[in-house]
Amino acid sequence: MKKEYRQSLFLLIALTVPFGLGGVLVDTSYSLWMGTILFFLAGWIMPFFYYMIQKRRTKIEYGGYRGAAHLVIWPVSSVFAAALLWYFLDVFQRLNSDNKILFILSAFLIMTALIVISFAAAYYSAKCYFRLKDKEFLRRWLAVCFFTGLIPASVMISFFSLYFLQSIELAPYYVLFFVTNMIEKAFLLKIGLAMITFSLYLYFSLNGTKGKRMTEVIFTAIFYLMIIYIPIVFSLYIPGNAAWRAYADPAYLSIFPVLSDLWSVFLALWLGNKTAQWIFS
């Protein structure tokens with residue numbers, strides 16, 4: 001690792017880990033809860049501003065791209081970390097009771113590992129995005145899928161992983177309730193992130209006049225909503241008693257994050273671009 005990367009990593013660890021470590025050292029239920037919240041907030045905010053400041057200092061770091069990537073990568077990493085902590089909660093509780101020093105060391109190593117993983121992921125994501133600068137449509141497509149789908153995907157994967165790993169036994173009605181509720185929330189989250197991505201990222205990444213860019217963004221968002229709901233509409237009008245729907249329901253094309261975004265975002269971007277070109281031609 002280059003010297004400047006090591007320095008950046010150590011600085012980010014120093015700016016974020018103490019927030020969580022303080023809660024562990026005080027060791028009350030409130031301090032542990034507050035320390036965890038502050039650590040995740042600091043881990044989200046501090047690196048973002050650090051990367052944006054680096055944008056002015058060096059071109060090697062891809063500062064602006066890393067900052068944008070970090071806004072997604074950190075919540076994704078945090079969701080998976082929270083799921084793992086929940087799964088091993090009994091282990092950490094016993095460790096806190098039996099060996100306080102080992103518990104503090106474990107907490108420090110976990111928080112540091114989370115910073116290191118998000119640091120590396122943001123760097124390589126920004127590097128890949130930068131290398132696609134000559135392929136504008138491809139990198140817009142992948143970037144929108146990145147901003148739109150990764151966070152909902154992490155929520156769904158973590159939820160279902162915990163459900164199966166912990167072998168939670170519930171009545172079929174409650175299973176259906178929790179699963180449909182989780183899918184609904186992830187689906188709405190994905191749509192909200194898509195609208196934010198179109199409004200911010202897509203608008204500033206496009207070329208042309210403000211009017212043309214705004215028109216393309218608006219039509220892209222409209223086409224996205226239409227496309228993402230088409231499989232759901234088809235699903236509503238198909239007989240619901242068929243066993244194959246458990247595996248091949250048309251609604252799955254819209255529900256699963258990332259996989260659904262690859263085709264829906266592609267079509268929405270293409271149609272939005274063609275519509276804007278037609279209007280301003």
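Values in this text are rule-based calculations from the coordinates and carry no lab data. Quantities reported herein were computed from a predicted structural model and do not represent experimental measurements. Neighbour counts run over all protein chains shown; Cβ positions are idealised from the backbone, glycine included.
Structure data summary
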| read-out | value |
| --- | --- |
| Rg and Dmax [Cα atoms of the range 139-281; Å; Rg one decimal, Dmax integer] | 17.6, 60 |
| Helix-derived mean residue ellipticity, 222 nm - over the chain, DSSP H n ≥ 4, -39500 (n - 2.57), to 500 | -29000 deg cm²/dmol |
| Segments 229-236, 211-218 sorted - mean Cβ within 10 Å per residue, highest first | 211-218, 229-236 |
| C-alpha center-to-center spacing [the range 108-138, the range 1-36] in angstrom | 20 Å |
| All-pairs alpha carbon distance profile, the chain, 10 Å steps from 0, percent | 6, 23, 28, 24, 14, 4, 0, 0 |
| Net charge over other residues, Cβ less than 14 angstrom from the Cβ of Thr275 (K, R count +1; D, E count -1) | +2 |
| Among Leu262, Ala153, Pro231 - extreme Cα towards positive end, dipole of the chain, charges at beta-carbon | Leu262 |
| Sequence of Cys145, Cys128 once ranked by neighbouring C-beta atoms within 10 Å, starting from the fewest | Cys128, Cys145 |
